[in-house]
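**Q** Take this structure, written in structure tokens, and hold onto it; I'll ask about it next.
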Amino acid sequence: MTIREPEPGDQGYVIKTWTRSLLSARPWKGMSRAAFAAVEASIERLMDRSDTRALIATAVAPDLCGWMVWTPMGAGAAVHYVYVRKAERTRGIGRALFEASRVRLDRPIVYTFAGPAHRWVVPKAPTAVPIAPENFLDPRRPRR
């Protein structure tokens with residue numbers, strides 16, 4: 001397995017797998033397409049930010065098997081999403097992405113999307129707290 005910086009063609013794959021993964025998880029299951037369009041827009045806004053970072057995992061190049069998107073924040077980070085292809089799970093890819101990103105699970109972490117991966121991250125990161133993506137993108141916005 002190799003961990004690398006994203007290449008120009010990777011963003012489409014990341015957004016596609018991110019949205020597909022979210023659709024399979026609660027509370028996103030059953031969300032109307034119109035409501036989910038706002039979620040997709042948030043993902044695209046996060047990906048387009050200059051402070052957003054991403055790493056790509058490949059099992060056998062050039063096949064992507066996982067990725068991580070986060071934003072460094074002082075001593076901690078905002079982890080937006082971690083994705084590992086189902087067939088590749090339990091092989092340490094998520095852990096390798098965290099190690100390569102230098103996001104430490106013992107430091108303050110917020111997470112903006114609670115997909116299937118958050119069940120792996122939250123128990124290992126006792127300081128992790130959720131924040132709505134729109135509140136991360138616009139901190140002046142009233143909290144809901």
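**Q** Using DSSP, restrict attention to beta bridges with both residues in the chain and report what percent are antiparallel, rounded to the nearest 5.
**A** 75
**Q** Where in the stretch 98-117 is the amide nitrogen less than 17 Å from a point lying 7 Å along the Cα-to-Cβ axis of Ala35?
**A** 113-115
**Q** Go through the stretch 44-127 and name the chymotrypsin sites (Phe, Trp or Tyr not before Pro) that are in a DSSP coil and have 16 or fewer other Cβ atoms within 10 Å of their Cβ.
**A** none
**Q** Percent of Cα-Cα pairs per 5 Å bin, from 0 to the last occupied bin, for the chain, please list those.
**A** 2, 9, 20, 24, 22, 15, 6, 1, 0
**Q** At 0.36 nm per residue, and after removing the present C-alpha to C-alpha distance, how many nm does the segment from Thr2 to Thr90 gain when stretched out fully?
**A** 30.1 nm
Coordinate-derived values only; no laboratory data. Quantities reported herein were computed from a predicted structural model and do not represent experimental measurements. Cβ: placed from backbone, ideal geometry, glycine included. Neighbour counts: every protein chain shown.
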